Amino acid sequence: MILPVVAYGDPVLKKIAKEVTVEYPDFDKFISDMWETMYNAQGVGLAAPQVGRSIRVFLVDASPFAKDEDLSLEEQTILKSFKKTFINPNIIEESGEEWGFNEGCLSIPDVREDVYRKEFVTIEYYDENFEKHIETYGGLAARVIQHEYDHIEGILFTDKLSGLKKRIIKGKLTNISKGKVNCDYRMRFPLAKKGR
Ligand code: NI
């Protein structure tokens, strides 16, 4: 089932999400709904708060990036099969130089800005079978993890922009909250007038 994606301005996107337990009701169904929702919106990542659930879960499928021929063959190969469910993740370390990448977000359609993040990330998480992993990623794989991890910490990529950039896009963000945006997947807008 495709779930509506929560738009910028909804308080659920600003909350620090809570850990989940194996007893979480209909968890498998929720995860499969998240995959369906992410693919329907052509996203490479989706975090549970973006579908209105403040729990520490996100999904990543970075395979669309694997087609980027500017990347090394090694990175293309890693990205091609980089499809994972992260449950109760915890970033242990971020390292390397900060680099800029033009990010977007399914909750903020039509806005893309350069965001600076460290190159490597070491993350501890549970997979969909509640098995624990500790892994280190670099490049775009790290980038997607850092962006999605921020969602469960209540942080959006727009929070990381300069004051000037924030002022420039403020009107656009307000319009998104009101539902005044072109978007080809289902969304839920916090400031939309009733009856829309
Ligand atoms: Ni996002």
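The values are calculated or read from the model by the stated rules, or taken from the named source; none is laboratory data. Since the structure is predicted, the reported quantities are computational estimates derived from the model, not experimental observations. In this analysis, Cβ positions are derived from the backbone assuming ideal geometry, glycine residues included, and neighbour counts consider all displayed protein chains. The accessibility values were calculated without ligands, DNA or RNA, using every heavy atom of the protein model including side chains. Shrake-Rupley method; radii C 1.70, N 1.55, O 1.52, S 1.80 Å.
A compact table of results
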quantity: From Arg117, Arg186, Arg143, residue being in contact (Cβ under 8 Å) with a residue 60 or more places away in the chain and of a type in the set (Lys, Arg); calculated: Arg186
quantity: Matching residues in the range 8-28 - criterion: being outside any loop (DSSP other than H, G, I, E, B) and either among the acidic types (Asp, Glu) or open to solvent by less than 100 Å² (accessible area, probe 1.4 Å) (or both); calculated: Pro11, Val12, Leu13, Phe27, Asp28
quantity: Number of the exception - His151 against (1) in contact with a Pro (Cβ under 8 Å, 6 or more places away or on another chain); (2) over 30 Å from Glu74 (Cβ atoms); calculated: (2)
quantity: Residues satisfying the stated conditions in the range 39-68, i.e. part of a strand (DSSP E or B) and either closer than 23 Å to Asp110 by Cβ or acidic (Asp, Glu) (or both); calculated: Gly45, Leu46, Ala47, Phe58, Leu59, Val60, Asp61
quantity: Meets criteria (of a type outside the set (Phe, Trp, Tyr), within 16 Å of the ligand (Cβ to nearest atom), open to solvent by less than 50 Å² (accessible area, probe 1.4 Å) and farther than 15 Å from Val60 by Cα) for Cys183; calculated: yes
quantity: Selected residue (criterion: surrounded by the most Cβ atoms within 10 Å (Cβ to Cβ)) from residues of the range 69-95 that are in contact (Cβ under 8 Å) with a residue 40 or more places away in the chain and in a loop (DSSP other than H, G, I, E, B); calculated: Phe82
